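K.L.:
Let me begin by handing over the structure; questions about it come next.
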Amino acid sequence: MSRKRRPNRNINLTEGSIVQGIIMFAIPLLLTNFLQQLYNTADLMIVGRFAGKNPMAAVGATGPVSNLLIGLFLGLTTGASVIISLYYGSNDREALKRSVGCSYFLGLISGLLITAFGYFTTPFFLRIMDTPPEILQDATTYMRVFFLGTVPILIYNMGASILRATGDSKRPFNFLCVSALVNIVLDLILVGYLQMSVLGAGLATLASQVTSAILVTYSLLKTDSSYKLRKSEIKLHKHEAKRIFEVGIPTGVQTALLSLTNVIFQAKINSFGPDAIAGVAAEGRIDGFLFMALQAIALAATTFSGQNFGAKKFDRLREGMKVSLIIVFGISFVLSLIAYFLASPLIAIFNPDPDVVAYGADFLKILSLGIWSFGLSETISGFIRGSGHAMGPMIISLLTICILRLVVVYFAMPIFNSIRVISIIYPVSYFANLVIMAIYFKFGSWRKDFEM
């Protein structure tokens, strides 16, 4: 008896309508980013409502450090996605098979390294960030539980990057739907009902991460497609690992440098006390929701670029670039209006304390001025990275997102002693990044492959 043919979930971005392809691919990415942001937001919101602003501040204070360590290795998932999309676009099945297995091996090893390092260095990082004594213990507890989940975080993201690279952005979203539900239900039970505060929030997040990792792994093991995960291939394939590192390491360093500036900024924010920490933490969750739409388009641009570079369809690449930038600019305009005019009520959702709201709303209004430039620069960077050239975007981000921010804050904070110094540098650095990224896109050395 013949087997029932499964529906094809994969979108071939090398053919058909560019606008439709990018939008249909980006919508599940947007929803996926929404659910990922919902993880941390649910923790922060439920802790803020049921446990108070100090535990809420403790959860918020851990974000920059955890993002710093994980961001360095999450770059490998981007590297894997780019290389797999190139092989998928060129229909190189053997290289695709090895790349999938190698990607999973790198995800597992990376997760284990972060777990061990992060768990034991948590107190050190929190102390050098001048975390207030009244929230230090809660912050340590939450961060250590979080680091126990880094293996499933890396496994899920690696598995999801494989699916997206081959045009399937729906299943990663479906898997996160289940894990987000697990996270929220357990948050309400452990934090709201059992009053376990930050420990309960951490355990809820851990359980949701394990759920998503199991689902994506099972999916890849059972698929009949060319990107099937084979247990015998989960090992270090030197050639594929080298190619993944060529894209993944610069991308990871770029992410880590951005997170490093946030760690330093968090230390500055911590000096203003729990109200400032809680307010800016709430703002961070909100801007995460705002930026996720732009990041979805940028990730779609990366996959579009990778598949079409693999297929050597350069005219289609140029048209896809124009389409992506128009979409991003329209979305960012709407998001800027939402962030500016609804800043106070959005912050109050997390905690209605007037001081918390004042800090968070002011930060969000200023940040909203840079949303458009962030979206455009991320999309341009995604196209460049999709071609397999990640070094240029990394250097540009180093100059604008890391060095420029730190220099300005270092000299301005002693003069003004205001959180506004930190909030203002965000839109300024986004604009600087856009200008230099656009110049590199037009005249950079990466174009020699683009213009073949």
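K.L.:
With a 1.4 Å probe and all protein chains left in place, how much of the accessible area of region 98-221 comes from carbon and sulfur atoms, in whole percent?
P.N.:
Within region 98-221, the accessible surface is 74 percent carbon and sulfur.
K.L.:
Quote the Stokes-Einstein diffusion coefficient, in whole µm² s⁻¹, for region 213-254, based on the Kirkwood radius over alpha carbon pairs, a temperature of 20 °C and a viscosity of 1.002 mPa s.
P.N.:
D = 177 µm²/s.
K.L.:
Using only Cα atoms, find the angle between the long axis of helix 53-90 and the longest principal axis of the chain, and express it within 0 to 90 degrees, rounded to the nearest 10.
P.N.:
For helix 53-90, the angle is close to 10 degrees.
K.L.:
Amide H to amide H, which residues 5 or more places from D168 or on other chains are under 5 Å from it, using H placed in the peptide plane?
P.N.:
Under 5 Å from the amide H of D168: I11.
K.L.:
What is the packing order of peptides 72-79, 263-270, taking the mean over residues of other C-beta atoms within 10 Å and listing the highest first?
P.N.:
Packing order, densest peptide first, comes out as 72-79, 263-270.
K.L.:
A follow-up question, please. In angstroms, what radius of gyration and Dmax does the chain have, counting Cα atoms only?
P.N.:
21.2, 78
K.L.:
Using a simple charge model, +1 on the beta-carbon of Lys and Arg, -1 on the beta-carbon of Asp and Glu, nothing else, what dipole does the chain show about its Cα centre, in debye to the nearest 20?
P.N.:
Around 1760 debye, computed over the chain.
K.L.:
Could you work out [θ]222 nm for the chain from helices alone, using -39500 (n - 2.57) per DSSP H run of at least four and dividing by all its residues? Round to the nearest 500 deg cm²/dmol.
P.N.:
My calculation for the chain gives -28000 deg cm²/dmol from helical runs alone.
K.L.:
Find the centroid of the Cα atoms in region 354-422 and in region 203-228, then give the distance between the two in whole Å.
P.N.:
Between the Cα centres of region 354-422 and region 203-228 lies a distance of 33 Å.
K.L.:
Looking at S344, N308, L325, which one has the Cα that reaches farthest to the positive end of the dipole of region 299-375 (charges on Cβ: Lys, Arg +1; Asp, Glu -1)?
P.N.:
After comparing all options, I get N308.
K.L.:
At a Cα cut-off below 20 Å, give the lysines reachable from K53, other chains included and same-chain residues fewer than 8 away excluded.
P.N.:
Within reach: K268.
K.L.:
Positive end of the dipole of region 193-289, charges at C-beta (+1 Lys, Arg; -1 Asp, Glu), about the Cα centre: which of Y193, P274, T217 has its Cα farthest in that direction?
P.N.:
In region 193-289, that residue is T217.
K.L.:
Over 21 Å between Cα atoms, which of K312/K442; K170/K231; K170/K235; K97/K222; K238/K313 qualify?
P.N.:
In this structure, K170/K231; K170/K235; K238/K313 exceed 21 Å between Cα atoms.
K.L.:
Tell me, Kirkwood radius of region 131-208 from alpha-carbon pair distances, in Å?
P.N.:
Averaging 1/r across every pair of different Cα atoms and inverting gives 13.8 Å.
K.L.:
Probe of 1.4 angstrom, ligands and nucleic acids ignored: what's the accessible area per residue over the chain, in square angstrom?
P.N.:
The answer is 41 Å² per residue.
K.L.:
Using Cα atoms only, what is the angle between the long axis of helix 93-128 and the major principal axis of the chain, expressed in degrees (0 to 90) to the nearest 10?
P.N.:
Roughly 10 degrees, rounded to the nearest 10.
K.L.:
Additional query: Any chance you could give the angle, 0 to 90 degrees and rounded to 10, that helix 274-310 forms with the longest Cα principal axis of the chain?
P.N.:
Its long axis makes an angle of about 10 degrees.
K.L.:
Between rounded, prolate and oblate, where does region 369-452 land on the alpha carbon gyration tensor, with a ≥ b ≥ c its root eigenvalues, rounded for a/c under 1.5, else prolate if a/b exceeds b/c?
P.N.:
It comes out prolate by the Cα gyration axes.
K.L.:
Would you work out which of S377, P64, P172 lies farthest towards the positive end of the dipole of the chain, given +1 charges on the beta-carbon of Lys and Arg and -1 on that of Asp and Glu, about the Cα centre?
P.N.:
P172
K.L.:
Then there is this: Can you compute the equivalent ellipsoid semi-axes for region 187-281, i.e. the square root of 5 times each eigenvalue of the Cα gyration tensor, sorted largest first and rounded to whole Å?
P.N.:
With the √(5λ) rule applied to region 187-281, the semi-axes are 36, 26, 8 Å.
K.L.:
Largest first and in whole Å, what are the equivalent-ellipsoid semi-axes of region 307-452 based on the Cα gyration tensor, each being the root of 5 times an eigenvalue?
P.N.:
35, 20, 10
K.L.:
With θ set to phi - 60°, apply the Karplus curve 6.51 cos²θ - 1.76 cosθ + 1.60 along region 409-414 and write out the HN-Hα couplings as whole Hz, x wherever there is a Gly or Pro.
P.N.:
Values, residue by residue: 5, 4, 7, 8, 4, x Hz.
The values are calculated or read from the model by the stated rules, or taken from the named source; none is laboratory data. Worth saying up front: this structure is predicted, and the values here are computed from it rather than measured. Cβ atoms come from the backbone with ideal geometry, glycine included; neighbour counts cover every protein chain shown. When the accessible area is computed, the model is the full protein with side chains, heavy atoms only, and any ligands, DNA or RNA have been set aside. Shrake-Rupley method; radii C 1.70, N 1.55, O 1.52, S 1.80 Å.
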